[in-house]
1. In whole Å, what three semi-axes, largest first, describe the equivalent ellipsoid of region 186-229 built from its Cα gyration tensor (square root of 5 times each eigenvalue)?
2. Per residue, what volume in Å³ does the Cα convex hull of region 97-174 take up?
3. What is the spin-label model distance, in nm, from Asp294 to Ser306 if the labels are put 7 Å beyond Cα along the C-beta direction?
4. Cα-Cα over 27 Å: which of Lys264/Lys396; Lys60/Lys205; Lys52/Lys196; Lys244/Lys369?
5. Around Thr135, what is the net charge, scoring Lys/Arg as +1 and Asp/Glu as -1 over all other residues with Cβ under 11 Å from its Cβ?
6. Take each of the peptides 195-205, 160-170, average the number of other beta-carbon atoms within 10 Å over its residues, and list them starting from the highest.
7. If packing is taken as the mean number of other Cβ atoms within 10 Å per residue, what is the order of 228-239, 273-284, highest first?
8. Can you run phi through the Karplus equation (6.51, -1.76, 1.60; θ = phi - 60°) for region 307-322 and list ³J(HN,Hα) in whole Hz, with x for Gly and Pro?
Amino acid sequence: MYFVKPRIMFIFARKKPSTSNLFAMKNVRIIWLFIIVSLFCGRLKAETPVQKDSVIAMMKRVAVWQINHYDQHHSTDTNWENGVLFVGMNHWAALAKTLWGDKTYYEWLWKIGQRNQWQPGGRMYHADDVAVAQTWLALSQAYGDESLYYPTMARLDFVTSHPSKAQLDLRKQQKDNFDRWSWCDALFMAPPVYLKLYLLTGQKKYLTFMNHEYKATTNLLYDREEHLFFRDARYFDKPESNGKKTFWGRGNGWVMAGLAEILKMMPTKSKQRKCYVRLFQEMSSRLKDLQQSDGFWHASLLDPLSYPSPETSSTGLITYALAFGVNAGLLVRADYLPTVIRGWQAMCSAVFPDGKLGYVQPIGADPQKVTRDRTEVYGPGAFLALGCEMYRLSEK
């Protein structure tokens with residue numbers, strides 16, 4: 001490009017160009033215009049190397065593998081691990097039906113919900129046991145059958161009418177510690193259920209309860225200097241081996257993905273929306289800076305060297321939230337698009353040829369080592385949710 005300008009200036013400096021020179025000048029301009037446009041288009045393509053067909057193919061591969069290897073995970077459909085899988089699978093089911101009328105994935109989810117009579121898990125107050133209700137409520141809306149959410153409504157009616165008075169600080173060991181959202185994972189599992197039921201029924205008590213409990217959890221576990229969440233109060237004084245605070249990758253992924261689900265649904269006129277947006281943007285900015293050069297986030301956010309392996313459950317959840325933020329206009333596209341693309345490419349690199357997603361940290365509460373062949377159902381759930389946002393991103 002630096003060799004073009006002097007040549008053009010030289011041509012225009014001639015006072016009386018001949019007809020042939022004018023013709024030559026015109027051709028030169030056309031040629032250089034073509035080159036410039038080609039380079040510009042190539043740059044745009046390089047900045048967004050996300051193709052619809054490849055995104056769809058990858059999601060289908062992961063979804064089919066997981067369905068074929070679904071074993072009710074720990075002998076029950078309604079535990080939190082499956083609840084997370086179903087959230088991602090529901091996003092994929094909606095996209096598959098919209099694009100080519102494929103109801104396969106909706107039908108798979110429907111059969112699971114039906115055989116459980118649309119019930120949440122067994123524990124009355126535990127956030128993990130209502131995670132599956134996110135999908136039951138979504139299916140209720142998709143099929144236009146409000147009876148599907150009656151069992152969830154009965155559960156939430158009892159909880160909101162008889163709120164737990166348990167301590168949020170898990171350092172004070174009590175039997176009812178987990179009756180409230182005392183660990184950051186809970187901010188993915190429960191709040192979207194309360195918000196969705198509020199939108200379906202118009203009963204504001206669900207929204208009021210969600211806002212109150214979310215604020216209480218945030219006040220306790222959110223580090224306002226690091227803009228990250230502790231997993232729970234037991235980690236306040238448990239530094240990593242490098243001396244830095246312990247911030248669990250997947251734990252913060254839970255919070256981010258939960259915020260994405262909330263902001264998808266929360267009305268723009270809601271007074272509380274600004275608080276959720278502010279939290280989402282603060283965490284997004286911090287997490288963007290913590291992405292590793294390989295595109296992954298690791299099990300420990302501030303001590304990745306102690307956990308050098310990639311970790312896909314945290315990467316999937318965080319990238320899903322960031323991609324949603326870009327698509328929703330909550331995050332500046334130019335700032336976050338490279339981060340999102342690296343995250344997606346990293347996730348795809350962890351998919352085996354048969355569709356198995358590897359590098360998923362096992363069930364736990366803090367950073368743990370993980371191997372390439374390790375998988376859990378919540379990993380593909382995060383992958384499918386992310387893939388749907390990547391598809392929307394590719395459309396833009």
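1. Working: eigenvalues 119, 19, 9 Å².
Listed largest to smallest, the semi-axes of region 186-229 are 24, 10, 7 Å.
2. On the way: hull volume 9.1 nm³, N = 78.
In region 97-174, the Cα hull volume divided by residue count equals 117 Å³.
3. 1.9 nm
4. Numbers: Lys264/Lys396 18 Å; Lys60/Lys205 39 Å; Lys52/Lys196 29 Å; Lys244/Lys369 18 Å.
Distance filter (> 27 Å) returns Lys60/Lys205; Lys52/Lys196.
5. On the way: positive: Lys196; negative: Asp77.
Its environment carries a net charge of 0.
6. 195-205, 160-170
7. Values: 228-239: 18.8, 273-284: 16.9.
Highest to lowest by the protection proxy: 228-239, 273-284.
8. 10, x, 6, x, 9, 8, 5, 5, 4, x, 5, 5, 5, 4, 5, 5
Here, each number is a calculation from the coordinates, and none is a lab measurement. Model, not experiment: these values are computed from the prediction. Glycine gets a Cβ as well: all are built from the backbone with ideal geometry, and neighbour counts include every protein chain shown.
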